[in-house]
């Protein structure tokens with residue numbers, strides 16, 4: 001049974017308990033990933049969220065309204081298979097973190113960056129013994145390899161589903177440090193998202209609202225919150 005049928009063909013979605021975790025069924029038949037693997041997840045909370053997505057579908061199945069299902073599929077079909085590549089990709093974010101690149105001017109913006117981003121970097125350094133350097137402009141700064149290694153090592157203990165959520169926290173925000181501060185509950189997701197949007201918020205204050213940009217930002221904010229929820233739900 002393929003997961004992506006165009007029309008709803010079931011009456012009730014439910015969850016089942018199996019040795020490997022929790023499965024989702026449609027009228028008793030197991031939901032599978034696009035590549036026909038059983039859709040099995042680590043926690044009942046995650047399985048219930050996926051089941052609720054399927055129950056919420058109406059006459060036509062809308063995959064865009066099913067972020068939990070999409071994330072679980074990614075964990076099984078992408079992260080699990082390409083885990084080392086995923087970790088290496090995210091380590092590149094740690095080596096070129098958003099928070100390390102500061103504006104040269106105006107003073108009001110540089111002060112705001114230091115006030116709001118500085119404490120995150122200080123916390124990272126003190127918590128993980130991982131100092132990072134800052135620079136102005138876009139020219140890359142080479143970070144201490146040991147700091148990048150220590151920060152990247154956080155991914156080792158994550159299971160495939162946690163890493164899937166963490167991947168999106170990093171890539172949506174552009175910051176390994178911000179993503180780390182969220183999963184360690186140093187910041188609430190909404191506050192962390194604001195940190196990642198500091199430069200854009202400054203531009204809005206100076207030049208006014210760009211409605212198209214705001215719509216894109218709203219979608220990214222929703223994706224960021226979902227990534228945190230998915231990460232949290234993956235924890236046993």
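All of 142, 120 fail the test of being in the same structural domain as residue 181 (by TED's automatic domain parsing) and either surrounded by 16 or more Cβ atoms within 10 Å (Cβ to Cβ) or in contact with a strand residue (DSSP E or B) (Cβ under 9 Å, 6 or more places away or on another chain) (or both), apart from 120.
Take residue 167 and tell me if it is at pLDDT 95 or above, over 16 Å from residue 94 (Cβ atoms), buried (at least 18 other Cβ atoms within 10 Å of the Cβ) and under 13 Å from the mean Cα position of the chain (by Cα). No: the conditions fail for residue 167.
Scanning the range 58-68 for residues that are farther than 23 Å from residue 169 by Cβ, touching a residue at least 12 places away in the same chain (Cβ under 8 Å) and exposed (fewer than 13 other Cβ atoms within 10 Å of the Cβ) yields 58, 59, 60.
Kindly indicate the residue of the range 33-57 that is buried (at least 18 other Cβ atoms within 10 Å of the Cβ) and in a strand (DSSP E or B) and also nearest to the chain's Cα centre (by Cα) among those meeting that condition. Residue satisfying both the conditions and the ranking: 41. Just one of the listed residues (213, 179, 233) is surrounded by fewer than 18 Cβ atoms within 10 Å (Cβ to Cβ) and either under 16 Å from the mean Cα position of the chain (by Cα) or assigned by TED's automatic domain parsing to the domain that holds residue 120 (or both), and it is 213.
Checking the conditions here, which among 190, 146, 162, 214 is at pLDDT below 95 and assigned to a helix (DSSP H, G or I)?
Sole residue among the options that is at pLDDT below 95 and assigned to a helix (DSSP H, G or I): 214.
The values are calculated or read from the model by the stated rules, or taken from the named source; none is laboratory data. Since we're looking at a predicted model, the values are computed, not measured. Because the Cβ atoms are built from the backbone with ideal geometry, glycine has one as well, and the counts that use them run over all protein chains shown.
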